[in-house]
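Just below is one structure, and these are the notes that go with it.
The values are calculated or read from the model by the stated rules, or taken from the named source; none is laboratory data. What you see is a predicted model, and the numbers here were worked out from it, not measured in a lab. Neighbour counts run over all protein chains shown; Cβ positions are idealised from the backbone, glycine included. All accessible areas refer to the heavy atoms of the entire protein, side chains included, with ligands and DNA or RNA removed. Shrake-Rupley method; radii C 1.70, N 1.55, O 1.52, S 1.80 Å.
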Amino acid sequence: MNHLDALIDALRKLPGVGVKSAQRMAFHLLQHDRAGAQQLSRALDEAVQSIRHCRRCHTFTDDDLCSVCRDDSRDARQLCVVETPADQAALERTGSYHGYYYVLMGRISPLDGIGASALGAPGLLARSTEAGVEEVILATSFTAEGEATAHVLAESLRSRGLKVTRLARGVPAGSELEYVDLSTIAHALVDRR
């Protein structure tokens, strides 16, 4: 395999990038932005060498503890469980949650051989029983795997006497009912307030 093919193959490893997109990226970087290609290469190398998991919440960080876990002004009574660092970042962007997080780095998927212990559930259980935690908010996705993950975790957490809540789901703001899927409408009706 030549260097160009190796570059295209490496770019195809990114989610949502097929052969044509990978070729366009490779050709663009080589033809129009070699400095950008070198910057990308350095940034990837440095990230792979430096970024690790926060020892407390399991998200990505350059330090032993991430910036959220180091923030003493956050509400220690709430612990929000998310699937990925991207989910955590999305919740942070809302500006409406001020507690701490635990990042699973995935979700239960029996077909792929991923169970609760592979997700770090023991670490979550230990973290959720630390002093001050009163509520664990399960913010997993509403896919079959996300729902299964929330169910398994809720059972384990409730057995330890913790208050467990789940993100609400419903009709997106600005949408018209006729275009919303039936499952979302049904859940919005059941979970109405």
> Which number in (1) more than 20 Å from the chain's Cα centre (by Cα); (2) farther than 26 Å from Pro15 by Cα marks the one condition that Tyr97 misses?
Replying inline: (1)
>> So His187 passes all but one of these: (1) surrounded by 15 or more Cβ atoms within 10 Å (Cβ to Cβ); (2) in contact with a Ser or Thr (Cβ under 8 Å, 6 or more places away or on another chain). Which condition number does it fail?
In response: (2)
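Given the structure, is Ser41 in contact with an Asp or Glu (Cβ under 8 Å, 6 or more places away or on another chain), closer than 27 Å to Thr61 by Cβ and not charged (D, E, K, R)?
Values: in contact with an Asp or Glu (Cβ under 8 Å, 6 or more places away or on another chain): no; closer than 27 Å to Thr61 by Cβ: yes; not charged (D, E, K, R): yes.
Here the answer is no, as Ser41 does not meet what is asked.
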>> Condition first: open to solvent by 40 Å² or more (accessible area, probe 1.4 Å) and charged (D, E, K, R). Can you find one or more residues in the range 114-128 that meet it?
In response: no
>> Ser21 - would you say it is more than 30 Å from Arg158 (Cβ to Cβ), open to solvent by less than 40 Å² (accessible area, probe 1.4 Å) and not acidic (Asp, Glu)?
In response: yes
> Can Glu130 be described as at pLDDT below 90 and of a type in the set (Asp, Glu)?
Replying inline: yes
> Is there any pair with a first residue in the range 33-51 that is under 20 Å from Leu65 (Cβ atoms) and a second that is open to solvent by 100 Å² or more (accessible area, probe 1.4 Å) whose Cβ atoms are under 8 Å apart and which are 6 or more apart or on different chains, and what are they?
Replying inline: Ile51/Phe60
>> Condition first: in contact (Cβ under 8 Å) with a residue 24 or more places away in the chain and touching a Lys or Arg at 6+ places or on another chain (Cβ under 9 Å). Now tell me which residues in the range 102-122 satisfy that.
In response: Tyr102, Leu119
> How do the pairs read when you match residues in the range 161-175 that are within 16 Å of Asp191 (Cβ to Cβ) with residues anywhere that are modelled with pLDDT of 80 or more and open to solvent by 80 Å² or more (accessible area, probe 1.4 Å), using Cβ under 6 Å and keeping only pairs 6 or more apart or on different chains?
Replying inline: Val164/Arg158; Arg169/Phe142
> Which condition number does Ser109 fail, the rest of (1) within 18 Å of Val164 (Cα to Cα); (2) open to solvent by less than 20 Å² (accessible area, probe 1.4 Å) being met?
Replying inline: (1)
> Residue check: is Ala186 part of a helix (DSSP H, G or I), within 20 Å of the chain's Cα centre (by Cα) and modelled with pLDDT under 90?
Replying inline: no
> Condition test on Ala168, is it aliphatic (A, V, I, L, M) and either open to solvent by 50 Å² or more (accessible area, probe 1.4 Å) or out of contact with any helix residue (DSSP H, G or I) (no Cβ under 9 Å at 6 or more places or on another chain) (or both)?
Replying inline: yes
> Say we look at the range 142-165 and pick out the residues that are in a loop (DSSP other than H, G, I, E, B) and open to solvent by less than 60 Å² (accessible area, probe 1.4 Å); which of these is modelled with the highest pLDDT?
Replying inline: Leu162
>> Looking at Asp191 and the list (1) in contact with a His (Cβ under 9 Å, 6 or more places away or on another chain); (2) at pLDDT below 80, which single condition is not satisfied?
In response: (1)
> Which ranges mark the helices (runs of 4 or more DSSP H) fully within the range 1-97 that have 2 or more residues being closer than 27 Å to Leu167 by Cβ?
Replying inline: 67-70, 85-94
>> His53 - would you say it is closer than 27 Å to Val152 by Cα, surrounded by 12 or more Cβ atoms within 10 Å (Cβ to Cβ) and either among the polar types (S, T, N, Q) or out of contact with any His (no Cβ under 7 Å at 6 or more places or on another chain) (or both)?
In response: yes
